[in-house]
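Following: one structure in structure tokens, then a few remarks.
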Amino acid sequence: MASKINELTGPSPRTSFRLVLVMLGMIAVPAAITLHTVRGPAGARAPAAELSPYGYTVSLLLFIVPILAIGLWLLPQERVRISRRSFVRTIAILFPLGAGLDFFFANSFFTFSNPGATLRITAPALHGGVPIEEYVFYFTGFVCVLLLYIWFDEYWLAAYGVPSEARDRAQFDRLLRFHPGSLLWAVALIAAAIVYRKVFVAAPGFPGYFTFLVIGALGPSAALLPSAMPVINWRALSLALFVLLFTSLLWEVTLAVPYGWWGFQDGQMIGLRITAWSRLPVEEVCVWIAVTYATVIVYEIVRRWLSSGKKIKHALLG
């Protein structure tokens with residue numbers, strides 16, 4: 001109720017000013033701390049470990065600081081109530097996707113040429129370990145995406161959302177509903193990536209990373225979108241997507257790729273790269289679009305399930 005009142009009447013000028021400062025600080029503070037780890041320009045004639053010591057580790061603050069600011073200060077102060085069960089279960093469903101990417105495919109899709117940018121703690125993965133930061137990256141990334149969406153949905157753009165107590169959330173026959181459009185898009189995108197790789201890239205390979213992203217985003221969409229669509233706050237989703245995409249691209253093109261925190265296996269990419277951004281694969285522009293889209297769909301489906309009071313099997317299958 002408080003969020004709806006705020007949406008209609010607007011916060012006071014002092015509150016608005018404070019919120020702007022906090023929002024700027026959520027990005028500026030971790031960005032400044034991360035940039036401070038850099039000891040020389042990318043490509044300088046010095047060992048990579050000396051150019052950005054612990055850079056990847058420190059850069060995780062770009063997710064951690066917004067998580068703390070939104071979860072521990074902004075949401076409680078604005079009296080925004082969120083379902084902890086929905087939140088926890090959504091992360092429990094999604095984080096294994098990121099962990100699975102790391103465990104099964106990290107050494108097939110990525111490279112980690114600068115161990116000095118990490119804590120040098122190796123986490124398990126097929127074909128050799130990966131930096132522990134990789135698992136923290138995906139966990140905090142999912143949490144950050146979800147908190148941003150909840151904050152925008154329940155406070156900033158609450159007038160465009162469906163309230164938690166609305167009948168539309170609890171009344172449904174079944175949640176598992178096939179969306180043929182998502183499947184067609186998935187097939188078309190993967191096919192286009194394969195064709196581009198074969199026609200325009202003069203090297204053997206398969207766009208495995210892009211295929212994983214498409215399945216990870218459009219798989220949940222193909223199974224759940226018709227049930228999620230009526231309750232998704234699309235404006236909140238769009239704003240969360242923009243914030244994450246903007247932050248992640250600056251993160252990668254300014255620091256991660258130039259300083260070797262992570263790189264990409266050419267044979268597993270489409271082969272379409274952005275030259276001006278340190279030859280960043282186009283897949284990296286897609287990754288947070290996929291993550292945000294899938295996260296919101298799963299979260300809204302979990303909310304509908306828990307609002308109904310039905311057992312999971314009954315909720316999904318009817």
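The values are calculated or read from the model by the stated rules, or taken from the named source; none is laboratory data. Being a predicted model, the structure only gives us computed values, none of them experimental. Please note: Cβ atoms are built from the backbone with ideal geometry, for glycine as well, and neighbour counts cover all protein chains shown. Ligands, DNA and RNA are excluded from the accessible area calculation, which covers all protein heavy atoms including side chains. Shrake-Rupley method; radii C 1.70, N 1.55, O 1.52, S 1.80 Å.
A few comments on the model shown:
- Taken over the range 57-107, the residue count meeting the criterion of being at pLDDT 95 or above, among the small types (Gly, Ala, Ser) and open to solvent by 20 Å² or more (accessible area, probe 1.4 Å) is 1.
- Residue-level check: of (1) touching a residue at least 40 places away in the same chain (Cβ under 8 Å); (2) among the β-branched types (Val, Ile, Thr); (3) over 18 Å from residue 260 (Cα atoms), residue 118 misses just (3).
- When the range 251-261 is limited to residues that are touching a residue at least 40 places away in the same chain (Cβ under 8 Å) and open to solvent by less than 20 Å² (accessible area, probe 1.4 Å), the one that is farthest from the chain's Cα centre (by Cα) turns out to be 260.
- Filtering the range 263-279 to residues that are closer than 26 Å to residue 41 by Cα, in contact (Cβ under 8 Å) with a residue 24 or more places away in the chain and either open to solvent by less than 30 Å² (accessible area, probe 1.4 Å) or not in a loop (DSSP other than H, G, I, E, B) (or both) leaves 263, 264, 266, 277.
- The set of residues in the range 72-97 that are over 20 Å from residue 292 (Cα atoms) and among the hydrophobic types (A, V, I, L, M, F, W, C) comprises 72, 73, 74, 80.
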